[in-house]
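Comments concern the structure below.
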Amino acid sequence: MCTTSSHGADTVEPGCGSSRDGVRLDMGASAAHVGTMATIYEQLRADIITSMKARDQVTTTALRTADAAIKRAAMDANVEITDALVIATLRKAVKNLADANVEFEKGGRSDLIAANTAEIKVLEKYLPQGLPPEQVDALIAAAIQETGAQSKKDMGKVIGVLKKSPQAALLDFAAVSKAVQAKLP
């Protein structure tokens, strides 16, 4: 047995691991776990602890806010936390911060712009790198050909095909939408 109870306080015996947030954490690194890659969420949680130990207030605040948003999104959708959910939540957070920067710029609040820009830089570390422009153009051309799109009226079909593609998670659909509009008469 790994846990013992002594006067109402549970203790964990060395080498048994601990449990946090309902997830069993294996403290002893076995050979089978050494080569596995952490999920984005696991990395984010580990980085929260690292930034707290380093007393990096900006990073800690940004990551804790992102962690809360991810947990909230999972709870609202009643789903497990997956990389797709984490990426979607982080992209939304980055977009909201960028939109806020536009408003702060109009109000002349350079202090808030700097804070948001620092937070965006922290969050972007957890987002996958986008596809190179040549590959995006090739995907758009293939989607236009597949749908037989002839005009901007068919843009929804093209975007629908792109959203179903395996590379959809790596696409910035705001930029893709503009590129599709440019390619269709």
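The values are calculated or read from the model by the stated rules, or taken from the named source; none is laboratory data. Source: prediction; values computed, not measured. As a convention, Cβ positions derive from the backbone with ideal geometry for all residues, glycine included, and neighbour counts pool all protein chains shown.
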Just a yes or no: is a residue in the stretch 88-104 surrounded by fewer than 18 Cβ atoms within 10 Å (Cβ to Cβ), more than 23 Å from residue 174 (Cβ to Cβ) and of a type in the set (Asp, Glu)?
no
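Being part of a loop (DSSP other than H, G, I, E, B) and either among the charged types (D, E, K, R) or in contact (Cβ under 8 Å) with a residue 24 or more places away in the chain (or both) is the filter here, so list the residues in the stretch 83-109 that pass it. Quick ask: steps written out before the conclusion?
To start, the set of residues in the stretch 83-109 that are part of a loop (DSSP other than H, G, I, E, B) comprises 107-109.
The one that is part of a loop (DSSP other than H, G, I, E, B) and either among the charged types (D, E, K, R) or in contact (Cβ under 8 Å) with a residue 24 or more places away in the chain (or both): 109.
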Restricting attention to the stretch 144-164, which residues are closer than 8 Å to residue 184 by Cβ and either in contact with a helix residue (DSSP H, G or I) (Cβ under 7 Å, 6 or more places away or on another chain) or surrounded by 15 or more Cβ atoms within 10 Å (Cβ to Cβ) (or both)?
144, 149, 152, 154, 155, 158
Only one of 118, 77, 142, 66 that is free of Cβ contacts under 8 Å to residues at least 40 places away in the same chain, among the small types (Gly, Ala, Ser) and outside the structural domain of residue 162 (by TED's automatic domain parsing)
77
Please indicate, with yes or no, whether at least one residue in the stretch 124-132 is free of Cβ contacts under 8 Å to residues at least 24 places away in the same chain, of a type in the set (Ser, Thr, Tyr) and touching a helix residue (DSSP H, G or I) at 6+ places or on another chain (Cβ under 9 Å).
no
More than 18 Å from the chain's Cα centre (by Cα), closer than 30 Å to residue 40 by Cα and modelled with pLDDT of 85 or more: is that true of residue 162 in this structure?
no
Among the numbered conditions (1) in contact with a helix residue (DSSP H, G or I) (Cβ under 9 Å, 6 or more places away or on another chain); (2) in a helix (DSSP H, G or I); (3) surrounded by fewer than 18 Cβ atoms within 10 Å (Cβ to Cβ); (4) hydrophobic (A, V, I, L, M, F, W, C), tell me where residue 46 comes up short.
(1)
